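Enquirer: Below you will find the structure I want to go over with you.
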Amino acid sequence: MGEELVIQLADMAHGGDAVGRHEGKAIFVPYGIPGESVRVEILRDRGRFAHARLLDVLSASPQRAQPPCPYFGVCGGCHWQHLSYDSQLEYKRSIVHAQLQRIAGIRNPVVQPTLGMSDPWGYRNHVQFAVTRDGNLGFMAARSHNVVPIDRCLVMHPLLQEAFDSLDIELPDLRRLSLRAGINTGDQMVIFELGSDQPPELELDLPISCVLLLSDGTSIALVGSPYLHERALGRSYRISPSSFFQVNTGQAEKLISLVCDYLIPKADSVVVDAYCGVGTFGLALAGQAKQVIGIESSPSAVTDARANSAGVDNFVLIEGRAEEVLPTLSVAAPLVILDPPRTGLGKDALSAIVNLAPTRIVYVSCDPATLARDVKVLV
C-alpha cells in the first residue's frame, strides 16, 4: 500500500471509477477519465485488481471539466462533475453496453443514447442528510463514514434549498433529516429521524409539512400533511414519507412516457406492474389497457397506491412480495412492467415471469449489473 504509479486510463467502470492497468492488473481510479495519463497511489490491493487515489493528471482529457461544487471530491454524493455533461451521458451508455456484454452475454447489445437534461442541476426532489458530531447537517464523505457539513447543494431543487436554508435545528438526538418536495405542486416536507420516538417541539416560518419517522418505519405528522403530492404528465401522485418516488421529476416524466411507448398496450391488454410503488407506471397505463394489476410490498406505498388509484376501476392492487404474488397469477400472455430495487429480481420472481409467458416486458432498472444478470436469465 502507498505505492505510486503512472498509468494510462483506458475505460470507465460501473460505479464511476476510471480504469487503467499496471502489469496486467486493473487499477480503479476515482475522478479519472479514459485517455488520461495519471499518477496514482495504491490504497487497497485486492490481488487481481487494486483501488487507487488520483494524485496528479499528467495528460488531461478534453472531456475534463471544472467541478462547480466546492464539496466535489470530498462529499460522496456526486462522482462525475469533473466530466463534461455530454461525456457523462456517453459513459453511462457505454457502461450499460459493457454490463450487457459481460454479464448478460449479449454479443452486440443495442443501447440507445442516454436521454439527458437541458439543465442537469437543481433537479433532486428528495435529499437525505446525516448529522455531524456538533449537530450540523451534511452528506457522507466519499468512501468514508465521516459527514461533510454543507451550506448548499447544486443538485437539490430550489424548493429543497429554500427549506434547508430556513432550518434552525437544536435536536441533540437527531440521527438523520430528509427533505422532499413535489416539484410540480410546490409541496415541501421535512422528515426527522431521532434517537427516540419522542416528538420534538417545532417552530415554523414556512408552510411546510414536518413528519417524524419512527423506529418501526411508520411516520406521524408533527405539522401539516402526513404526505406530499407530485404531478407527472398530468396525473397527481400521493407520496408518503417512506414511499419511493423517482428523485428527478422531469426525467421521471420522460421515463413514464418511455414505459408507455415500449409496452404498447391495447384495449384488451392486461398489464402486470410488479414493484408498482405508488402506482407511477401502472396508473399512467390504466387508460390504455383492459386491466392493470399492481403488486407492491411496502405498506406505505400500498396505502399511497390505493389513494392514487381511487376512481380507476381497472387498476387492481395486490399487497405482497412480487416473488410470492407473481406465481399465483393466472393471466394469459400479459404485458409486464418490472421496476425492482437495486438488488434486482429474485430467482422465484424470474421463474414466475417466465411461466407467465408475457408478450412484452419493460424492465426499469437502477443498476445495470443486476439488470444484466436478470436479462441473462430471461433471454
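The values are calculated or read from the model by the stated rules, or taken from the named source; none is laboratory data. All figures in this text were calculated on a predicted structure; none of them were measured in a lab. As a convention, Cβ positions derive from the backbone with ideal geometry for all residues, glycine included, and neighbour counts pool all protein chains shown. Side chains are part of the model used for accessible areas, which takes the heavy atoms of the whole protein and leaves out ligands, DNA and RNA. Shrake-Rupley method; radii C 1.70, N 1.55, O 1.52, S 1.80 Å.
Enquirer: Mind checking whether some residue in the range 273-286 is over 29 Å from residue 156 (Cβ atoms), touching a residue at least 60 places away in the same chain (Cβ under 8 Å), open to solvent by less than 30 Å² (accessible area, probe 1.4 Å) and within 22 Å of the chain's Cα centre (by Cα)?
Expert: Yes, the range 273-286 contains a residue that is over 29 Å from residue 156 (Cβ atoms), touching a residue at least 60 places away in the same chain (Cβ under 8 Å), open to solvent by less than 30 Å² (accessible area, probe 1.4 Å) and within 22 Å of the chain's Cα centre (by Cα).
Enquirer: Sticking with this one: Is one or more of the residues making up the range 181-189 part of a loop (DSSP other than H, G, I, E, B), of a type in the set (S, T, N, Q) and at pLDDT 95 or above?
Expert: yes
Enquirer: Just to be sure I understand, how many residues within the range 220-234 are within 18 Å of residue 302 (Cβ to Cβ) and open to solvent by 50 Å² or more (accessible area, probe 1.4 Å)?
Expert: 3
Enquirer: Quickly run through the range 115-151 and pick out the residues that are more than 21 Å from the chain's Cα centre (by Cα) and open to solvent by 60 Å² or more (accessible area, probe 1.4 Å).
Expert: Within the range 115-151, 133, 134, 136, 146, 149, 151 meet the criteria.
Enquirer: With respect to the numbered conditions (1) in contact with a Ser or Thr (Cβ under 6 Å, 6 or more places away or on another chain); (2) on the phi > 0 side of the Ramachandran plot; (3) open to solvent by 20 Å² or more (accessible area, probe 1.4 Å), which one is the sole condition not fulfilled by residue 321?
Expert: (2)
Enquirer: Taking only the range 235-251 into account, find how many residues are of a type in the set (A, V, I, L, M, F, W, C) and either at positive phi or crowded, with 21+ Cβ neighbours inside 10 Å (or both).
Expert: Looking only at the range 235-251, we keep the residues that are of a type in the set (A, V, I, L, M, F, W, C), and these are 239, 244-245, 247.
With either at positive phi or crowded, with 21+ Cβ neighbours inside 10 Å (or both) added as a condition, the list becomes 239, 245.
Residues that pass the stated criteria total 2.
Enquirer: If you go through the range 287-336 one residue at a time, how many are part of a strand (DSSP E or B) and over 27 Å from the mean Cα position of the chain (by Cα)? Step through it out loud before you land on a result.
Expert: Within the range 287-336, the first condition is being part of a strand (DSSP E or B), and the residues that meet it are 291-296, 315-319, 335-336.
From the residues that got through so far, the ones that are over 27 Å from the mean Cα position of the chain (by Cα) too are 291.
Counting residues in the range 287-336 that are part of a strand (DSSP E or B) and over 27 Å from the mean Cα position of the chain (by Cα) gives 1.
Enquirer: From the residues in the range 346-367 that are under 23 Å from residue 16 (Cα atoms) and in contact with a Lys or Arg (Cβ under 9 Å, 6 or more places away or on another chain), which one is most open to solvent (accessible area, probe 1.4 Å)?
Expert: Looking only at the range 346-367, we keep the residues that are under 23 Å from residue 16 (Cα atoms), and these are 363-367.
Okay, now just the ones that are also in contact with a Lys or Arg (Cβ under 9 Å, 6 or more places away or on another chain), so 365-367.
Working: 365: 48, 366: 71, 367: 22 Å².
Here the residue is 366.
Enquirer: Consider only pairs whose beta carbons are under 8 Å apart and that are at least six residues apart or on different chains; among these, list those whose first residue lies in the range 194-207 and is in contact (Cβ under 8 Å) with a residue 24 or more places away in the chain and whose second residue is assigned to a loop (DSSP other than H, G, I, E, B).
Expert: Within 8 Å, the pairs are 200/171.
Enquirer: Another question about this same structure. Count, please, the residues in the range 22-39 that happen to be touching a Ser or Thr at 6+ places or on another chain (Cβ under 6 Å) and either within 23 Å of residue 75 (Cβ to Cβ) or surrounded by 21 or more Cβ atoms within 10 Å (Cβ to Cβ) (or both). Walk me through it before giving the result.
Expert: Here is the first cut: in the range 22-39, the ones touching a Ser or Thr at 6+ places or on another chain (Cβ under 6 Å) are 33, 35-37.
Still in the list and also either within 23 Å of residue 75 (Cβ to Cβ) or surrounded by 21 or more Cβ atoms within 10 Å (Cβ to Cβ) (or both): 33, 36.
Going through the range 22-39 one residue at a time, the tally reaches 2.
Enquirer: To continue, here is another question. Given the criterion under 27 Å from residue 150 (Cβ atoms), surrounded by 13 or more Cβ atoms within 10 Å (Cβ to Cβ) and in contact with a Gly (Cβ under 7 Å, 6 or more places away or on another chain), identify the matching residue among 10, 52, 65, 18. Give the steps one after another, and end with the answer.
Expert: Numbers: 10 fails: under 27 Å from residue 150 (Cβ atoms); 52 fails: in contact with a Gly (Cβ under 7 Å, 6 or more places away or on another chain); 65 fails: in contact with a Gly (Cβ under 7 Å, 6 or more places away or on another chain).
Residue meeting the stated conditions: 18.
A quick yes/no check of all residues on (1) within 25 Å of residue 200 (Cβ to Cβ); (2) free of Cβ contacts under 8 Å to residues at least 24 places away in the same chain; (3) among the basic types (Lys, Arg); (4) touching a strand residue (DSSP E or B) at 6+ places or on another chain (Cβ under 7 Å):
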residue: 211; (1), (2), (3), (4): yes, no, no, yes
residue: 215; (1), (2), (3), (4): yes, yes, no, no
residue: 225; (1), (2), (3), (4): yes, no, no, yes
residue: 241; (1), (2), (3), (4): yes, no, no, yes
residue: 247; (1), (2), (3), (4): no, no, no, yes
residue: 257; (1), (2), (3), (4): no, no, no, no
residue: 260; (1), (2), (3), (4): no, no, no, no
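Enquirer: Report, by residue number, each residue of the range 260-286 that is on the phi < 0 side of the Ramachandran plot, among the hydroxyl-bearing types (Ser, Thr, Tyr) and part of a loop (DSSP other than H, G, I, E, B).
Expert: Result: 269, 280.
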